[in-house]
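Chemist: Provided herewith is a single structure, encoded as structure tokens, for subsequent inquiry.
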Amino acid sequence: MPRDRLTPARLGPRDVLHVGSAGLRSRPMRVVLSALGIAIGIATMIAVVGISASSKAQLLQQLDKLGTNMLKVAPGEDLFSGKAAQLPEEAPGMIGRIPGVEHVGATGDLKPTVRRSEKISRSDTSGLSVKAAGEDLLKALRGTIGAGTWLNEANGRYPSVVLGSVAAERLGITGPGQQVFIGSQYFTVIGILDPIPLAPEIERSALVGWQAASTLLDFDGHPTQIYERSSDASVESVRGLLARTADPQNPQNVKVSNPSAALQAKAATEGAFDSLLLGLGGVALLVGGVGVANTMIISVLERRHEIGLRRSLGATRGQIRIQFVTESLLLSGLGGLAGVVLGSAATYAFAASGGMPWVIPPWAVGGGFAATLLIGSVAGLYPAVRAARLSPTLALQSG
């Protein structure tokens, strides 16, 4: 009659968790140091992806606010003479009649310089320019006034000026009512613009009314920049008509560009170097994994007596393997969780300092944490197998 075979007791999930965490609870300092390597690797990866995503989100917000439906028209060079071409005086009005065009604003470059007072040398321009500006320029640019008011038919005929944000800063103008020296007379500042990312040349300019520029600053009336805003659906069709409409006799001398293309390209290339930085984070993660493996091997050597005792009391090799793999997973998981928190905090600090939205892609958090568990499994596999192969008798004798 066959004897009944003894079957080892089965370990439930709670038992596995309790046994696997025993080694961590008994050596807290070693746990912290070992998990730190994993945490640094994951924090680096989360921060790299999060900062890149936050920067891209900010650019996309700017594009949504400023729009991608603005085109800029400027004179090029005359193909025959090689000299700078001129746009006709009627060009802004003709462009405004193109179907789909909503707003048209124009500027004209002026020779006089803008200075804080007549005491300052004419050669000291501070990198600023003076431009004649049409009344609809602000609508076409979707610009806003930070202080004061914009040029209109009434104040545009008098010596009044609106300063771009950079121009006001360099001239030391803090608000409307102050004066700057343009040409041979003082102009009263009636407004200061907020930054306009799609037109940085406007930010560095002093803008006077079209009529005042003609009567006071010898402006010839030819625009040098025309900003056109059309409906989103009409952008491409309007682009094809702009050169022929602005200068019907010499369309080849007209340049048409999209100022928002620079922001679009920047948003598209945002994260171009992420692969390199992610690689560095991956190296740090692997170094952390080696540290976990080293910790687990040392743990096996130090706990040989415990392993032998458990084996002699009926624990199977599989249960010993599960115990040490679980311990490795817990160690890596703690490091991964700390890394996610640290990486998220670093991203938040960076986004807050730059006024950016805080964006962390869910795949980065999930993928990073999954990577830590994979590292933990691989790092704990060899020590677990080594622990399971220990002879109970020899293990007890070594203890």
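Chemist: Which of the residues belonging to segment 139-152 are closer than 22 Å to residue 101 by Cβ, more than 27 Å from the chain's Cα centre (by Cα) and of a type in the set (A, V, I, L, M)?
Modeler: Correct list: 151 only.
Chemist: Taking the stated definitions as given, is residue 125 of a type outside the set (Phe, Trp, Tyr), open to solvent by less than 50 Å² (accessible area, probe 1.4 Å), closer than 19 Å to residue 166 by Cα and not in a loop (DSSP other than H, G, I, E, B)?
Modeler: Taking the combined requirement at face value, the residue does not satisfy it.
Chemist: Given the criterion touching a residue at least 60 places away in the same chain (Cβ under 8 Å) and acidic (Asp, Glu), identify the matching residue among 109, 124.
Modeler: Residue meeting the stated conditions: 109.
Chemist: May I ask you to list the residues in segment 346-366 that are in a helix (DSSP H, G or I), surrounded by 14 or more Cβ atoms within 10 Å (Cβ to Cβ) and not polar (S, T, N, Q)?
Modeler: If the condition is that a residue be in a helix (DSSP H, G or I), surrounded by 14 or more Cβ atoms within 10 Å (Cβ to Cβ) and not polar (S, T, N, Q), then 346, 348, 350, 351, 364, 365 are the ones that fit.
Chemist: Can you pull out the residues in segment 152-203 that are among the small types (Gly, Ala, Ser), more than 17 Å from residue 128 (Cα to Cα) and touching a helix residue (DSSP H, G or I) at 6+ places or on another chain (Cβ under 6 Å)?
Modeler: Answer for segment 152-203, where residues must be among the small types (Gly, Ala, Ser), more than 17 Å from residue 128 (Cα to Cα) and touching a helix residue (DSSP H, G or I) at 6+ places or on another chain (Cβ under 6 Å): just 156.
Chemist: Continuing with the same structure: Quick one: which residue in 166, 161, 189, 101 is touching a Phe, Trp or Tyr at 6+ places or on another chain (Cβ under 6 Å) and aliphatic (A, V, I, L, M)?
Modeler: 161
Chemist: Can you tell me how many residues within segment 210-247 are in a loop (DSSP other than H, G, I, E, B), over 32 Å from the mean Cα position of the chain (by Cα) and exposed (fewer than 15 other Cβ atoms within 10 Å of the Cβ)?
Modeler: Counting residues in segment 210-247 that are in a loop (DSSP other than H, G, I, E, B), over 32 Å from the mean Cα position of the chain (by Cα) and exposed (fewer than 15 other Cβ atoms within 10 Å of the Cβ) gives 3.
Chemist: Okay, next question. Can you pull out every residue in segment 157-171 that is of a type outside the set (S, T, N, Q) and in a strand (DSSP E or B)?
Modeler: 161, 162, 163, listed by residue number.
Chemist: Failed condition for residue 151, given (1) touching a Ser or Thr at 6+ places or on another chain (Cβ under 6 Å); (2) over 16 Å from residue 71 (Cβ atoms); (3) surrounded by 15 or more Cβ atoms within 10 Å (Cβ to Cβ), with all others met?
Modeler: (1)
Chemist: While we're looking at this one, here's another question. Kindly establish whether residue 230 is under 13 Å from residue 70 (Cα atoms) and at pLDDT below 80.
Modeler: No.
The values are calculated or read from the model by the stated rules, or taken from the named source; none is laboratory data. Since the model is a prediction, treat every value here as computed from it, not as a measurement. Virtual Cβ from ideal backbone geometry, glycine too; neighbours counted across all protein chains shown. Note: accessible area is taken over every heavy atom of the protein model, side chains too, but ligands, DNA and RNA are not part of it. Shrake-Rupley method; radii C 1.70, N 1.55, O 1.52, S 1.80 Å.
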